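For reference, the structure discussed in these notes is given below.
Taken together, the values in this text are just the output of simple stated rules run on the coordinates, not laboratory data. Fair warning: this is a prediction, and the values are worked out from it, not measured in the lab. We place every Cβ from the backbone using ideal geometry, glycine too, and count neighbours over all the protein chains shown.
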Amino acid sequence: MMDTSLAEKLLSRIVTEMDTATSVIDALHKRGYTYNFELTEDKLICLQNFKSYFPDDFIVDVVYPLEGANNDLRECFVFALREPITQVKGIFYFTCYTGNSFSRLL
């Protein structure tokens, strides 16, 4: 059984992390990063236009590291991405779990 105070601390940390991520994402939306991307295998898919992009297709304008909420999380990152040809600007939110191979993609 989990200690109530530990559960409350974890919940508080998760809420704080989500507030921080939400603040970063809201600020990026105001700066024109209106598209959202999701990782699928070795590429990113734009959730609005369903186009596939490879890492070399983007310029990473800003990376916001966020602390992980528990021991299984290394870190969370919010990427502000821009595709230079079409100027598609969007956000990619990624959580690095233990054992994740995302670093190969970057």
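Points to keep in mind about this one:
- Once backbone amide H atoms are built at 1.01 Å from N, LYS51 has CYS46 as its partners under 5 Å, excluding neighbours fewer than 5 places away on the same chain.
- Label positions at GLN48 and SER23, each projected 7 Å from the Cα along the C-beta direction, are separated by 2.5 nm.
- Each of the peptides 23-35, 47-59 was scored by the mean count of other Cβ atoms within 10 Å over its residues; in descending order, highest first, they stand as 23-35, 47-59.
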